[in-house]
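Visitor: Before anything else, here's the structure in question.
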Amino acid sequence: MTSTLPGLEPRWSRTVSAPDAAGVVRSWHLLDNGGEPTIGTLVCVHGNPTWSYLWRRFLAAAAPGWRVVAVDQLGMGWSDRLEAPRTLEQRIDDLGRVLDALGVSGPVVIAAHDWGGPISLGWALAHREQVVGIVLGNTGVHQPDDSDWPVLLRIAGNEKLRDTVCVRTPAFVQATTALSRPPLPAAVRRGFAEPYRSAPRRRSVGDFVADIPFEADHPARATLDAVADGVRELTVPVLLLWGPRDPVFSDRYLRDLLARLPHADVHRYAHASHLVFEDAPESAEDAWRWISEHVPADAPRRAAAPQATTTDTRLPWAALTERGADPGTAVVELAGGRHRRVSFNELEARVRDLAAGMAEVGVQPGHRVAVLVPPGIDLTAAVYACWRIGAVIVVADAGLGLAPMGRALRGAGPDWVIGIPVALAAAAALRVPGQRVLAGDSSPRKARIVKAEFSLRRLTALGRGRDLPPPPALDAESAVLFTSGATGPSKGVVYRVEQLRAQLDGLKTMCGIGPEDRLVAAFAPFALYGPALGIGAAVPDMDVTAPGTLTAQALADAVVAIEATLVFASPAALRNVVATAGELTDAQHRALAGVRLVLSFGAPVPVSLLRDVQRVMTSAELHTPYGMTEALPVADISLPQIEAAGPGNGVCVGWPLAGVTLAVSPMSPIGVAEGDLTTEPDVTGEVLVAAAHVKDHYDRLWVTEQMSSRTRGWHRTGDVGHLDSSGRLWIEGRLVHVLTTADGPVTPVGIEQRVEELSAVRAAAVVGVGPKGTQQIVVVVVPAAGLGRRDPVLADAVLATAVREAAGVPVAAVLRLEKLPVDIRHASKVDRARVGRWAERVLAGGRPGKL
């Protein structure tokens, strides 16, 4: 074996000999850190066509008290070549023999990848007394007879092609490492291929593929099925580390493993493919962190966040049930020029019947139901019906974009998908799993086209007169809500029933909602909440996935349709309302003047915009609550209170609401929030929140959840800010956008606000250029006068001087852009990461080009 491979310590390499089941003495190559197993042994098992090199980071990161052994299977890596194919059953036996030869007797944690999964799990089932934990990368233990094997495996498994693809040429070996994006370093790819340089050395690569049980009568099928069935009986802690871009072991196999191991922790690395431990190098340390918390059984665990205790047993939809005999309007739907409405008694009956129908066809408590339906009557009925029977709604906004939305939904793994025809067609194209239920046009022809087995109309009819199952428990999961993706891949946020109820209670208290109120929801997440708040709600005629499509006329029409007193809208929506207010009729002006409260959230709201909105809705109190998908609402402030607070370093988002506690974790000189929590005024750091309505956990993101809740009882928001002497919270930006200069961390929002006060500047973004710890401050501005195609990117001396004086900090460069990139969903949050990459390229002498 070559000893110069990246990351591989020569001292780890060794061989061990032992007789196999036939009595033939075999020589196994392995990597062994030589650690004293005072706690246990981590046994690492690779698949095909990799070798123990895959586990080098696990050896390098090994914690004290752990021995790490990574075995090359026979015929693979640098172990003995074989004269005949090896079956799955034999390979399970081989693993036991080499571990016996090494003196491994437990406690053992298994780590496996690819076809190393079934092999190691087969060994674990036969040695349960030794196994104390399991870590699995992309693998699988079961293939339904009615589903296709992955394309790459089918190609390699074709008897006519197998010898060419796997043995006579290195195509299969090279294809495995070629799946990664971005590509693996050339030296690493050569390292994986090195043991397989010649056809004789690749013989077992082909034999391994031939042993995959593509057919039901394949000799290996019985062994694989026994492993798949036996896995259900394993109760030891399990961690699944997954690359969702894997075309071989896709999320389908993850869902199957979770069905067999429902207690497993999961982390999906959004960018990772088949070689998850290569594509996400941090996965080794993540695995060791998990092992340290779960092994041995009496290891000190990080304490779970305390749960709010309450004697209140109301379910979140109790208000709808209580108004079940009320003929008053519950939901008005105005999209597309339609004017549909449903009363509380009609909605309650529809929800009840639909819930009973869903239960009748097999929707069970805990089943995940993706709802791909525009806000309105059908969506409201579907969501409340899911909640009534204990199903978990999965909501991913189409504003994410099709590809990110598909990744989000696949990651959540819904059992059912309810959608309008175009949404179900998109779900099929995006490979979203789950049985289909058609909403909207439920004609048989449409149902056949989108392969829907049921429709909402049919399920509602089916449930009429049937009994409902018992309601869910307060600690049951109720929703997986995906974040906007404005600062990274969208994350699924899991809420339990009691957390959803606490959120509704917080909104009701914050808004002072009474029975006389009615709501216009121009912000998609809250279009559902009217009936749960006990009030009617209207959805204006707009594209809720594009908030800037809300016009003043559409808003006024929605207010008239339900006699609204409340308006919820994003800043982008309100900006267009102001822009189109000149087209309002006198009657529409009067309708908007009757609104008592406007809430705008989802992104920072400029004071100038609030003042403009005040001129349109003259009687309304304007509030800008602060929160996020993980916890909303957190704090609140009105326009007069913002004006009274005056300018400061950041956006003033007000005081914490009743039941909410805030604290700040100060930043280190390199921008890491690691200081002890404080409520002292004017200390900048990461903002932490504690409240009954904070999310339960991130879905299938174990590492992310550990980071966000590592301070017991608190959610780390990822926002940076400070509290002032009056207890108000000021947000200064996102932690990932903090600049780390030689003089310490610098937050961007305050600087941007000061620069945007200049009449020559329409918008600004502050980014850091250069290495962490010595970054230079760069301000990128959008000139108020616009930017011509031939205008230079570098600001002229007059503008640059004005920006530097306004910024109040040393600015290395001032650049100009025609417009700043923003996130799709809110059309308000500036994508500073993109701006930073562009600025770095420009200042390094590159062509400005596109962002």
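The values are calculated or read from the model by the stated rules, or taken from the named source; none is laboratory data. Small disclaimer: the values here were computed from a predicted structure and weren't measured. Ideal geometry is used to build each Cβ from the backbone, glycine not excepted, and the neighbour counts take in all protein chains shown. Please note that ligands, DNA and RNA were not included when accessible areas were found on the heavy atoms of the full protein model with its side chains. Shrake-Rupley method; radii C 1.70, N 1.55, O 1.52, S 1.80 Å.
Visitor: Go through (1) of a type in the set (A, V, I, L, M, F, W, C); (2) open to solvent by 10 Å² or more (accessible area, probe 1.4 Å); (3) under 22 Å from Ser478 (Cβ atoms) and name the single condition Leu430 misses.
Guide: (3)
Visitor: Return the pairs, sorted by first residue and then second, in which the second residue is open to solvent by 20 Å² or more (accessible area, probe 1.4 Å) and in a helix (DSSP H, G or I), the first residue lies in the range 86-102 and is among the hydroxyl-bearing types (Ser, Thr, Tyr), the beta carbons are less than 8 Å apart, and the residues are 6+ apart or on different chains.
Guide: If the second residue must be open to solvent by 20 Å² or more (accessible area, probe 1.4 Å) and in a helix (DSSP H, G or I), the pairs left are Thr87/Thr223.
Visitor: Further question on the same structure: Please pick out the residue among Ala216, Ala228 that is of a type in the set (A, V, I, L, M, F, W, C) and surrounded by fewer than 18 Cβ atoms within 10 Å (Cβ to Cβ). Lay out the reasoning, then the answer.
Guide: On the way: Ala228 fails: surrounded by fewer than 18 Cβ atoms within 10 Å (Cβ to Cβ).
Unique residue meeting the criteria: Ala216.
Visitor: Quick check on this structure: which one of Arg221, Arg202, Arg162 is more than 34 Å from the chain's Cα centre (by Cα), surrounded by 17 or more Cβ atoms within 10 Å (Cβ to Cβ) and without any contact (Cβ under 8 Å) to a residue 12 or more places away in the chain? First the steps, then the outcome.
Guide: On the way: Arg202 fails: without any contact (Cβ under 8 Å) to a residue 12 or more places away in the chain; Arg162 fails: without any contact (Cβ under 8 Å) to a residue 12 or more places away in the chain.
Just one listed residue meets the conditions, Arg221.
Visitor: State all residues of the range 788-820 that are under 36 Å from the mean Cα position of the chain (by Cα) and in a helix (DSSP H, G or I); if no residue qualifies, say none.
Guide: Passing the criteria: only Ala807.
Visitor: For the range 184-199: of the residues being touching a helix residue (DSSP H, G or I) at 6+ places or on another chain (Cβ under 8 Å) and not in a helix (DSSP H, G or I), which is surrounded by the most Cβ atoms within 10 Å (Cβ to Cβ)? I'd like the intermediate steps shown before the answer.
Guide: So the first thing to find is which residues in the range 184-199 are touching a helix residue (DSSP H, G or I) at 6+ places or on another chain (Cβ under 8 Å), and the list is 184, 188-189, 191-193, 195-196, 199.
Next, only the ones that are not in a helix (DSSP H, G or I) stay: 184, 199.
On the way: Leu184: 18, Ala199: 15.
Once the filter is applied, the top-ranked residue is Leu184.
Visitor: Being modelled with pLDDT of 95 or more and either open to solvent by 10 Å² or more (accessible area, probe 1.4 Å) or on the phi > 0 side of the Ramachandran plot (or both) narrows it down to one residue among Ile134, Ile110, Ile119, Ile92; which is it?
Guide: Exactly one residue qualifies, and that residue is Ile92.
Visitor: Any idea how many residues of the range 274-311 are surrounded by fewer than 22 Cβ atoms within 10 Å (Cβ to Cβ), assigned to a loop (DSSP other than H, G, I, E, B) and modelled with pLDDT of 95 or more?
Guide: 2
Visitor: Which condition number does Glu83 fail, the rest of (1) closer than 21 Å to Gly103 by Cβ; (2) out of contact with any helix residue (DSSP H, G or I) (no Cβ under 8 Å at 6 or more places or on another chain); (3) acidic (Asp, Glu) being met?
Guide: (1)
Visitor: Name the one entry in Thr565, Thr580, Thr551, Thr585 that is open to solvent by 10 Å² or more (accessible area, probe 1.4 Å), in contact with a Gly (Cβ under 8 Å, 6 or more places away or on another chain) and at pLDDT 95 or above.
Guide: So the residue among Thr565, Thr580, Thr551, Thr585 that is open to solvent by 10 Å² or more (accessible area, probe 1.4 Å), in contact with a Gly (Cβ under 8 Å, 6 or more places away or on another chain) and at pLDDT 95 or above is Thr565.
Visitor: Would you mind stating whether Ala658 is touching a Ser or Thr at 6+ places or on another chain (Cβ under 8 Å), in contact (Cβ under 8 Å) with a residue 12 or more places away in the chain, surrounded by fewer than 24 Cβ atoms within 10 Å (Cβ to Cβ) and under 28 Å from Gln499 (Cα atoms)?
Guide: Yes.
Visitor: Could you identify the single residue in Val437, Val394 that is over 18 Å from Tyr495 (Cα atoms) and in contact with a helix residue (DSSP H, G or I) (Cβ under 8 Å, 6 or more places away or on another chain)?
Guide: Val437 is the lone residue from the list that is over 18 Å from Tyr495 (Cα atoms) and in contact with a helix residue (DSSP H, G or I) (Cβ under 8 Å, 6 or more places away or on another chain).
Visitor: Right, something else. Hey, Gly411 hits all of (1) under 21 Å from Asp251 (Cα atoms); (2) surrounded by fewer than 24 Cβ atoms within 10 Å (Cβ to Cβ) but one; which does it fall short on?
Guide: If we test Gly411 against (1) under 21 Å from Asp251 (Cα atoms); (2) surrounded by fewer than 24 Cβ atoms within 10 Å (Cβ to Cβ), just (2) comes out false.
Visitor: Any residue in the range 699-711 that is open to solvent by 20 Å² or more (accessible area, probe 1.4 Å) and assigned to a strand (DSSP E or B)?
Guide: For the range 699-711, residues open to solvent by 20 Å² or more (accessible area, probe 1.4 Å) and assigned to a strand (DSSP E or B): present.
Visitor: Let me ask you something else. Of Val793, Val809, Val830, Val835, which residue is over 19 Å from Ile751 (Cα atoms) and surrounded by 15 or more Cβ atoms within 10 Å (Cβ to Cβ)?
Guide: Working: Val809 fails: over 19 Å from Ile751 (Cα atoms); Val830 fails: over 19 Å from Ile751 (Cα atoms); Val835 fails: over 19 Å from Ile751 (Cα atoms).
Only one candidate passes the filter, namely Val793.
Visitor: Let me ask something else about it. Do we have any residue at all in the range 561-568 that's in contact with a strand residue (DSSP E or B) (Cβ under 9 Å, 6 or more places away or on another chain) and part of a helix (DSSP H, G or I)?
Guide: yes
Visitor: I want to confirm something. Restricting to the range 440-461 and keeping residues that are part of a helix (DSSP H, G or I) and in contact (Cβ under 8 Å) with a residue 60 or more places away in the chain, which single residue is surrounded by the fewest Cβ atoms within 10 Å (Cβ to Cβ)?
Guide: Ranking the candidates gives Ala461 first.
Visitor: Could you check the range 751-777 and list, in sequence order, the residues that are surrounded by 20 or more Cβ atoms within 10 Å (Cβ to Cβ), assigned to a strand (DSSP E or B) and without any contact (Cβ under 8 Å) to a residue 60 or more places away in the chain?
Guide: Once the filter is applied, which keeps residues that are surrounded by 20 or more Cβ atoms within 10 Å (Cβ to Cβ), assigned to a strand (DSSP E or B) and without any contact (Cβ under 8 Å) to a residue 60 or more places away in the chain, the range 751-777 yields Val761, Ala764, Ile777.
Visitor: Would you mind finding the one in Ala385, Ala408, Ala427, Ala356 that is assigned to a helix (DSSP H, G or I) and under 14 Å from Trp317 (Cβ atoms)?
Guide: From the options Ala385, Ala408, Ala427, Ala356, the qualifying one is Ala385.
Visitor: Conditions first: (1) farther than 30 Å from Leu179 by Cβ; (2) in contact with a Cys (Cβ under 8 Å, 6 or more places away or on another chain). Phe58 passes all but one, so which condition is the exception?
Guide: (1)
Yes/no per residue for (1) in contact (Cβ under 8 Å) with a residue 12 or more places away in the chain; (2) within 24 Å of Ala330 (Cβ to Cβ); (3) within 30 Å of the chain's Cα centre (by Cα); (4) in a loop (DSSP other than H, G, I, E, B):
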residue: Pro531; (1), (2), (3), (4): yes, yes, yes, no
residue: Ala538; (1), (2), (3), (4): yes, yes, yes, no
residue: Met542; (1), (2), (3), (4): yes, yes, yes, yes
residue: Gly548; (1), (2), (3), (4): yes, no, yes, no
residue: Ala556; (1), (2), (3), (4): yes, yes, no, no
residue: Arg575; (1), (2), (3), (4): yes, no, yes, no
residue: Val578; (1), (2), (3), (4): yes, no, no, no
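Visitor: Got a sec? Which of Lys451, Lys446 is under 30 Å from the mean Cα position of the chain (by Cα) and farther than 22 Å from Trp387 by Cβ? Reasoning before the result, please.
Guide: Values: Lys446 fails: under 30 Å from the mean Cα position of the chain (by Cα).
Checking each option against the conditions leaves just Lys451.
Visitor: Next question. With Arg341, Arg352, Arg368 as the choices, which residue is of a type in the set (D, E, K, R), touching a strand residue (DSSP E or B) at 6+ places or on another chain (Cβ under 7 Å) and more than 24 Å from Met542 (Cβ to Cβ)? Write out each step before concluding.
Guide: Working: Arg341 fails: more than 24 Å from Met542 (Cβ to Cβ); Arg352 fails: touching a strand residue (DSSP E or B) at 6+ places or on another chain (Cβ under 7 Å).
Every option except Arg368 fails the conditions.
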